[in-house]
Amino acid sequence: MPKVTLTLPDGSKKEYEKGVTGMQIAESIGKRLASDALSISVNGKVRALFLPIEEDAKIKINTWTDADGKMTFWHSTAHLLAHAISRIYPQAKNTIGPPIEEGFFYDFDDLKITPEDFAKIEAEMKKIVEADFAFEKKDWTLGDVKKHQSANPYKHQLAEEFVQQGLRLTAYKDGEFIDLCEGPHIPRTGLIKAFKLLKLSSAYWKGDQKNKQLTRVYGIGFPSQKDLDAWVKLQEEVAKRDHRKIGKELGLFMFHEWSPGSPFLLPRGAVLYNELQRFIREEYVKRGYVEVITPQLFNKALWEQSGHWGFYKENMFCLTVDDEEFSLKPMNCPSHCLIYQAHAHSYRDLPWRVADFCYLHRNELRGVLGGLTRARKFSQDDSHIFCTSDQIPSEIKDLLAFVKYVYTDVFKMEYVANLSTKPEKAIGDAETWRAAEESLAAALDAAKMKYNIKAGEGAFYGPKIDFQVKDAIGREWQLATIQLDFQMPERFKLEYTDKDNTHKRPVMIHRAILGSLERFMGVLIEHYEGKFPVWLAPVQCRILPLSDKFNAYAGEVGLHLRRHNIRIEIDDSVETLNKKVRNAQLDLIPYILVVGEKEQKEKTVNVRTRDNKVHGAIEVTKFIDALLREISEKK
């Protein structure tokens, strides 16, 4: 029998008979893996476990612990929902049901339900799980679509579009239910041990307001009831920490329907934003960056030259200026290329590290907007490093150290690195991509930093390292990124004069540490549950005079603190002291300073914290010294 050589995630190679399936591979490795297997990645493409492998390839068996395993599981749970809906509401027309960041949604036409119907639908889903139907893949033609889904115009439209794009039509079947679907799916419905329907919303077909409005059902599934119970408990904690709720309570930001996805940072929120920006700016000085301010609006010619017009146009806000097409800037990199291009450069000028906090605009669908963490208007701690090929290792090394300092030393957050490789839609030749990917992998290895391979998830212009950061309750957020780019310098014909007087192309490193400042604010609000460390707190101290007689002394203390750039408020309301203290604690003010006759006489403040820890009377100057030390140490 002909053989195929398969490369496992640890780099080892193993021969199998040609046509071996993912499940057979899992079984050959061990019973535990076979029972946990959900799908297989073959050269970065996720596939069903029962499909044959005909060529040498890199493979990875995906389980629940892998993101691709979860995506396969949730896609299958969406299929399970559509199956149940077809039984209970045969007139309903299922359209698309993709996995999302957590769980899945499915859009239906001619389906009128309320959350009260969820129990009935879940009961039918349970019957399908208990039947333990195998998921089977079928090759279809347009004729098969019309035969099996004759009453569903949405599937007809999708099938015709797929054929026009040169794609094969496939369907997945479990029991009596069959659906046009690319897959992949898990082996059997019986693996979906627990699930929950979460909410309903409306959605336009294909996100276009000109199309019919559909009913969207959100849900999630798990391989065990224990996993579902843990998730439900986590959601209770998530709800408590929701940055939209805390942000409103603390007066940090607001939104308005007249500017969807564009946050208004209120005075306290602006302090938080500015402190984060100041923190990064101070690091820029230490690390040899220069800062620029670039335009918001560019002619489409810029985006055509950079490649974004062909790869990213649907996410851009386009408008007509002087009878020509323009776009609001969704990213800074092309404008930095223009700055580099405007002057001659020598190898002595490199590396050139240029930073930019300019606002960016991306046309996210309104239905996916989510407070600060998914916005249309935002600013990044964005930077691009132009360097020689020889400088790549040292620059990546320094950036990895920068990431470690920010997340490990300052914010005390764990993170995992992911190396994302060439996607299907990409510019540049295979050899350049290989060299770029190897450069990033070598830098990670040299830094002894563990990382995962995310096959096919790189940017269209180059591979990247993304960092998944864990917050206080264990949720992962993709924040920092380092992206290596050999393509944009070529497209903009960027040059530097080397030691031998020849002209060479620089390499461009795209880099963000916090990422979107607004999104990072949202993550921090939830991570700290609004209890920011003193250096970040919008109000660091609130002074409470015992009565009107001590308002003047409170003002004197406040002035002294302000002279040291300490952010303070004075509560000289007529409320009782207990009520003032309680209000300060609810506002999560780090230090509460009570002043009365004794404090005025002795030039002290009576200090307590938002957690009701009482420090007692402290001389004002000593308190200021201790507070400034705490702020400088970013505790």
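The values are calculated or read from the model by the stated rules, or taken from the named source; none is laboratory data. Treat the numbers as computed from the prediction; the structure is a model and nothing was measured. Positions of Cβ are backbone-derived with ideal geometry, glycine not excepted, and every protein chain shown enters the neighbour counts.
Might you check whether a residue that is part of a helix (DSSP H, G or I) and closer than 16 Å to residue 95 by Cβ occurs anywhere in the range 168-184? Write out each step before concluding.
Going residue by residue through the range 168-184, those that are part of a helix (DSSP H, G or I) are none.
No: the range 168-184 contains no residue that is part of a helix (DSSP H, G or I) and closer than 16 Å to residue 95 by Cβ.
Can you tell me which residue among 574, 620 is touching a strand residue (DSSP E or B) at 6+ places or on another chain (Cβ under 8 Å) and of a type outside the set (Lys, Arg)? One residue alone meets the criteria, 620. Of the helices (runs of 4 or more DSSP H) contained entirely in the range 53-148, those carrying at least 3 residues that are modelled with pLDDT of 95 or more fall at 67-88, 118-131. Given the conditions (1) free of Cβ contacts under 8 Å to residues at least 24 places away in the same chain; (2) touching a helix residue (DSSP H, G or I) at 6+ places or on another chain (Cβ under 7 Å); (3) polar (S, T, N, Q), report the number of the one that residue 165 does not fulfil. Here residue 165 meets the rest and fails (2).
Is it the case, given these coordinates, that residue 489 is without any contact (Cβ under 8 Å) to a residue 60 or more places away in the chain and touching a helix residue (DSSP H, G or I) at 6+ places or on another chain (Cβ under 9 Å)? Judged against the criteria, residue 489 is not a match. Scanning the range 487-499 for residues that are out of contact with any Pro (no Cβ under 8 Å at 6 or more places or on another chain) and surrounded by 15 or more Cβ atoms within 10 Å (Cβ to Cβ) turns up 487, 490, 491, 497.
Among the numbered conditions (1) closer than 23 Å to residue 518 by Cα; (2) surrounded by fewer than 17 Cβ atoms within 10 Å (Cβ to Cβ), the only one that residue 273 does not meet is (2). Restricting attention to the range 71-124, and to residues there that are of a type in the set (Phe, Trp, Tyr), in contact (Cβ under 8 Å) with a residue 60 or more places away in the chain and more than 18 Å from residue 206 (Cβ to Cβ), which single residue is surrounded by the fewest Cβ atoms within 10 Å (Cβ to Cβ)? Checking each candidate, the answer is 118.
So, of the residues in the range 500-524 that are among the charged types (D, E, K, R) and over 15 Å from residue 387 (Cβ atoms), which turns out to be surrounded by the fewest Cβ atoms within 10 Å (Cβ to Cβ)?
So in the range 500-524, the residues among the charged types (D, E, K, R) come out as 500, 504-505, 511, 518-519.
Among the residues that remain, those that are also over 15 Å from residue 387 (Cβ atoms) are: 500, 518-519.
On the way: 500: 7, 518: 24, 519: 22.
Among residues in the range 500-524 that are among the charged types (D, E, K, R) and over 15 Å from residue 387 (Cβ atoms), the one surrounded by the fewest Cβ atoms within 10 Å (Cβ to Cβ) is 500.
Scoring residue 559 on the criteria (1) farther than 30 Å from residue 470 by Cβ; (2) surrounded by fewer than 22 Cβ atoms within 10 Å (Cβ to Cβ); (3) in contact (Cβ under 8 Å) with a residue 60 or more places away in the chain leaves a single failure, condition (3).
Counting only strands (runs of 3 or more DSSP E) that sit completely within the range 313-406, those holding 1 or more residues that are of a type in the set (S, T, N, Q) and in contact with a helix residue (DSSP H, G or I) (Cβ under 9 Å, 6 or more places away or on another chain) correspond to 324-328, 377-387. Only one of the listed residues (49, 33) is out of contact with any Pro (no Cβ under 9 Å at 6 or more places or on another chain) and of a type outside the set (S, T, N, Q). That residue is 33. Of the residues 168, 278, the single one that is touching a strand residue (DSSP E or B) at 6+ places or on another chain (Cβ under 9 Å) and basic (Lys, Arg) is 168.
Beta carbons closer than 9 Å, at least 6 apart along the sequence or on distinct chains, pair a first residue in the range 324-341 that is assigned by TED's automatic domain parsing to the domain that holds residue 484 and more than 13 Å from residue 510 (Cα to Cα) with a second that is surrounded by fewer than 18 Cβ atoms within 10 Å (Cβ to Cβ) and acidic (Asp, Glu) for 341/495. Only residues that are more than 29 Å from residue 22 (Cα to Cα) and of a type in the set (Gly, Ala, Ser) were counted across the range 142-186, and they come to 3. Is at least one residue of the range 212-231 farther than 28 Å from residue 70 by Cα, surrounded by fewer than 17 Cβ atoms within 10 Å (Cβ to Cβ) and either in contact with a strand residue (DSSP E or B) (Cβ under 8 Å, 6 or more places away or on another chain) or assigned by TED's automatic domain parsing to the domain that holds residue 366 (or both)? Looking for residues that are farther than 28 Å from residue 70 by Cα, surrounded by fewer than 17 Cβ atoms within 10 Å (Cβ to Cβ) and either in contact with a strand residue (DSSP E or B) (Cβ under 8 Å, 6 or more places away or on another chain) or assigned by TED's automatic domain parsing to the domain that holds residue 366 (or both), one finds at least one in the range 212-231, hence yes.
Output yes when any residue across the range 43-62 is free of Cβ contacts under 8 Å to residues at least 24 places away in the same chain and either buried (at least 20 other Cβ atoms within 10 Å of the Cβ) or not assigned by TED's automatic domain parsing to the domain that holds residue 150 (or both), and no when none is. Among the residues of the range 43-62, not one is free of Cβ contacts under 8 Å to residues at least 24 places away in the same chain and either buried (at least 20 other Cβ atoms within 10 Å of the Cβ) or not assigned by TED's automatic domain parsing to the domain that holds residue 150 (or both), which makes the answer no.
For the range 293-320: of the residues being hydrophobic (A, V, I, L, M, F, W, C) and within 26 Å of the chain's Cα centre (by Cα), which is surrounded by the most Cβ atoms within 10 Å (Cβ to Cβ)?
Of everything passing the filter in the range 293-320, 303 is surrounded by the most Cβ atoms within 10 Å (Cβ to Cβ).
Please work out if residue 528 is under 25 Å from the mean Cα position of the chain (by Cα) and at pLDDT 90 or above. Against the criterion (under 25 Å from the mean Cα position of the chain (by Cα) and at pLDDT 90 or above), residue 528 qualifies.
Among the residues of the range 427-461, the ones that are in a loop (DSSP other than H, G, I, E, B) and within 21 Å of residue 59 (Cα to Cα) come to 5 in all. Within the range 21-42, the set of residues being surrounded by fewer than 19 Cβ atoms within 10 Å (Cβ to Cβ), of a type in the set (Ser, Thr, Tyr) and under 26 Å from residue 476 (Cβ atoms) comprises just one member, 35. You will find that of 166, 190, 143, the residue that is farther than 26 Å from residue 45 by Cβ and exposed (fewer than 15 other Cβ atoms within 10 Å of the Cβ) is 143 and no other.
Just the residues that are modelled with pLDDT of 90 or more, buried (at least 16 other Cβ atoms within 10 Å of the Cβ) and of a type in the set (Phe, Trp, Tyr), please, taken from the range 402-457. Matches in the range 402-457: 402, 407, 411, 415.
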